[in-house]
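The values are calculated or read from the model by the stated rules, or taken from the named source; none is laboratory data. No experiment lies behind these values; they were computed from the predicted model shown. FYI the Cβ positions are ideal-geometry reconstructions off the backbone, even for glycines, and counts take in every protein chain you see.
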């Protein structure tokens, strides 16, 4: 029953997540704030009703308390390193970049939708719950499976090569995201920053030039490699300050 409740909650919240994004047409986070709040509320409700938790306990369980500053700093450093590679790509391939129309208006929605919503569900609700009973690596592997499965939907909306590479990215990225969850004091904020930059960059930047079509694959490679640097840090237990 324990596993059944966990999966039922995951499926119901993700179905709500996908339905809301589809109905609202929030492909670039246009309605991401609404979707993020909806998903967070639904995830907390799942903890309350499926696991008999109080509101305060549920908020803490899904990682919405005050983060550890170290985790935030590490996430920011990783993201800066990732973004710097864009200049390298532009220089080597003689490509140029511009911003999507009204890109700055999309940032809050992208952070709520790609960062807060996904991390609350997959790291806070799923990984955090499994981590209570298992080691980091075992919990990370188990929680990676649903995270990968839900990304299979990309085969319906993206070219095969990019969709396949994106699936591989979801496999690799799930582990540093889980580590950032713990480095952030068992909160979603550090992993949400990374998740937001991974997804948001290709939605607000427009590449042009002969090599423009290869940029998404380049970015996927960058997002698969640089976040793994988090595992070079000395492993230690960081207790949530929340």
Pick from the stretch 176-221 the residues that are part of a loop (DSSP other than H, G, I, E, B) and within 19 Å of residue 76 (Cα to Cα): which of them is farthest from the chain's Cα centre (by Cα)? 185
Any idea which of (1) closer than 27 Å to residue 185 by Cα; (2) at pLDDT 95 or above; (3) in a helix (DSSP H, G or I) is the one residue 86 doesn't satisfy? (1)
Just checking: which of the helices (runs of 4 or more DSSP H) contained wholly in the stretch 1-76 hold 2 or more residues that are under 24 Å from residue 223 (Cβ atoms)? 2-24, 32-51
So for the stretch 138-153 (the condition being at pLDDT 90 or above, more than 19 Å from residue 40 (Cβ to Cβ) and loosely packed, with under 15 Cβ neighbours inside 10 Å), does at least one residue qualify? yes
If I go through the stretch 30-50 residue by residue, how many of them are within 24 Å of residue 180 (Cβ to Cβ) and surrounded by fewer than 19 Cβ atoms within 10 Å (Cβ to Cβ)? 3
Going by the structure shown, is residue 173 surrounded by fewer than 17 Cβ atoms within 10 Å (Cβ to Cβ), modelled with pLDDT under 95 and either in a helix (DSSP H, G or I) or within 11 Å of the chain's Cα centre (by Cα) (or both)? no
Taking the residues in the stretch 190-217 that are out of contact with any helix residue (DSSP H, G or I) (no Cβ under 6 Å at 6 or more places or on another chain) and crowded, with 18+ Cβ neighbours inside 10 Å as candidates, determine which candidate is nearest to residue 228 (Cα to Cα). 201
Yes/no for residue 220 being at pLDDT below 95 and over 18 Å from residue 111 (Cα atoms): yes
